[in-house]
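The values are calculated or read from the model by the stated rules, or taken from the named source; none is laboratory data. Nothing here was measured: the structure is a model prediction, and the numbers come from that model. Here the Cβ positions follow ideal geometry from the backbone for every residue, glycine too, while neighbour counts run over all protein chains shown.
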Ligand code: HEM
């Protein structure tokens, strides 16, 4: 967001507001209610100009200043933010019925089939049905087990990829290899295709797929001022909505092609010949009945679900794995403890498998610590209140947008010591119990959220991250590229729907196992 341009574009509106503000605020619905404390608001723009390029950090500093629950006015939108476990529990559990909806943002309307998906849909019977389809047909334990073989292939492919680059004596671009690992896993499960590597479906289609997926992420993560200042949409100085419409069309063409290919393939092999284990998610969706007794689901519903799964599953796990690798390479002490654990549980004669993951408590602490410091997204997907309510005695109007700051939660100094230090041991359970990666009863870490909107793909996301890390740490020693000291590895972050490292992580891989294990 270019604040200079924003300020000049809004100047006229601002002057006008100065004249009419007293009239505008007189008689607002909140006048008899005590809103939570928050920073001073400007007319028309409210607190929008107080947000910089890392808004999660700005909102955390408001919480430091005004308390655990902060009210903001973002243009015409009421908003609250928090980084406090008690308030988060109140919103996501005690008052889940009120706060489980989503705002209808411009990006969600264009890029999620008119909010007809799961992740960006307002709460209601349509969202409930789509979410049930995910839980009962796509992300079931049985279905995920059927794809275990694919995941094992992709894990070997990941190791091979890093090994090939190590053999050339070049640093490995971990963003690239981890991105390919998670994209391949997701597209094989969803579309029955592998986009990177030996069995890939052609470089042109892979490039097109990568390109539109990145554009989609970027647009969904944008703080688009048109969502807060309706007048901005008339001007749209950066052409954001035009871009959204373009991407909407290209994504839709891509999904149409995928569905047609699946229909053709199913006709050719005959419906009854398809074994359950051969069905990808698109096949399953094509086989399900539609709403109100219709024989099939609508194409638009299938497309919205495919889109959600790709967006929700790929970047989240790849970004988390890259952050974990960066922190571990930055802390060689942690790397050697992970490897000791792997060597004693797995040994040197075989590769890590999914059944080992439960027996790697230290690695699980590493992932938990990564989620504390670098949650996949800086905020949960924004929630919205369906009706007015109160929290801690403060009035929260209907349609308030809720920014739960998971980045701020993990760095809340009232909850954690030495918040800037990567220290997995802080999660080691004193009573020897299993290290859970999703949230615990204390709500001090919230990687997958809680309540009605909690992530339905959490078990799969955890497997993607743990498998990738376990394989890479078991198979290689890692160090920064020549000339960079471990402690100097850069951990600057970039804001978006997910929050990656600003620069892709490059590192030198030195094989630790016998050469035949990599082939
Ligand atoms: C490390 C990996 C992952 C992380 C960190 C993650 C995290 C999250 C978070 C924080 C939310 C928002 C919850 C809220 O707004 O309260 C979410 C929602 C969602 N996630 Fe995940 N996720 C991951 C992997 C996956 C996978 C693998 C899938 C599916 C294959 C998935 C599917 C979804 C869906 C459909 C939603 C929307 C739920 C709703 O709004 O009802 N996620 N995820």
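Miscellaneous remarks
- Residues in segment 382-403 that are touching a strand residue (DSSP E or B) at 6+ places or on another chain (Cβ under 9 Å) and outside any strand (DSSP E or B): 382, 385, 386, 388, 392, 397, 398, 399, 400.
- Filter pass, residue 306 being closer than 27 Å to residue 148 by Cα, crowded, with 19+ Cβ neighbours inside 10 Å, at pLDDT 95 or above and out of contact with any strand residue (DSSP E or B) (no Cβ under 6 Å at 6 or more places or on another chain): no
- Scanning segment 393-408 for residues that are out of contact with any helix residue (DSSP H, G or I) (no Cβ under 7 Å at 6 or more places or on another chain) and within 15 Å of residue 68 (Cα to Cα), we see that the one that is surrounded by the fewest Cβ atoms within 10 Å (Cβ to Cβ) is 393.
- Being more than 30 Å from residue 392 (Cα to Cα), at pLDDT 95 or above and either out of contact with any helix residue (DSSP H, G or I) (no Cβ under 6 Å at 6 or more places or on another chain) or surrounded by fewer than 23 Cβ atoms within 10 Å (Cβ to Cβ) (or both) is a property that residue 165 lacks.
- Within segment 197-213, none of the residues are touching a residue at least 12 places away in the same chain (Cβ under 8 Å), in contact with a helix residue (DSSP H, G or I) (Cβ under 7 Å, 6 or more places away or on another chain), at positive phi and within 12 Å of the ligand (Cβ to nearest atom).
- Out of 342, 335, 305, 286, one residue alone is more than 23 Å from residue 409 (Cα to Cα), assigned to a helix (DSSP H, G or I) and free of Cβ contacts under 8 Å to residues at least 60 places away in the same chain. It is 286.
- The numbered conditions (1) within 28 Å of the chain's Cα centre (by Cα); (2) at pLDDT below 95; (3) not in a helix (DSSP H, G or I) are all true for residue 295 except (1).
- Lone qualifier among 513, 505 - being buried (at least 21 other Cβ atoms within 10 Å of the Cβ) and modelled with pLDDT of 95 or more: 505
- Within segment 415-453, being surrounded by fewer than 17 Cβ atoms within 10 Å (Cβ to Cβ) and either within 16 Å of the ligand (Cβ to nearest atom) or at positive phi (or both) holds for 418, 432, 436, 440, 444.
- Of the residues making up segment 166-181, none is over 19 Å from the mean Cα position of the chain (by Cα) and under 28 Å from residue 257 (Cα atoms).
- Some residue of segment 457-479 being surrounded by fewer than 19 Cβ atoms within 10 Å (Cβ to Cβ) and more than 15 Å from the ligand (Cβ to nearest atom): yes
- Within segment 50-163, helices (runs of 4 or more DSSP H) holding 1 or more residues that are away from the ligand (no atom under 15 Å from the Cβ), over 30 Å from residue 244 (Cα atoms) and touching a residue at least 12 places away in the same chain (Cβ under 8 Å): 55-66, 85-89
- Flag if residue 464 is more than 19 Å from the chain's Cα centre (by Cα) and within 30 Å of residue 157 (Cα to Cα): no
- Selected residue (criterion: nearest to residue 189 (Cα to Cα)) from residues of segment 235-257 that are modelled with pLDDT under 90 and assigned to a helix (DSSP H, G or I): 254
- Residues that are part of a loop (DSSP other than H, G, I, E, B) and in contact with a helix residue (DSSP H, G or I) (Cβ under 7 Å, 6 or more places away or on another chain) were ranked within segment 480-489; the one that is farthest from the ligand (Cβ to nearest atom) is 480.
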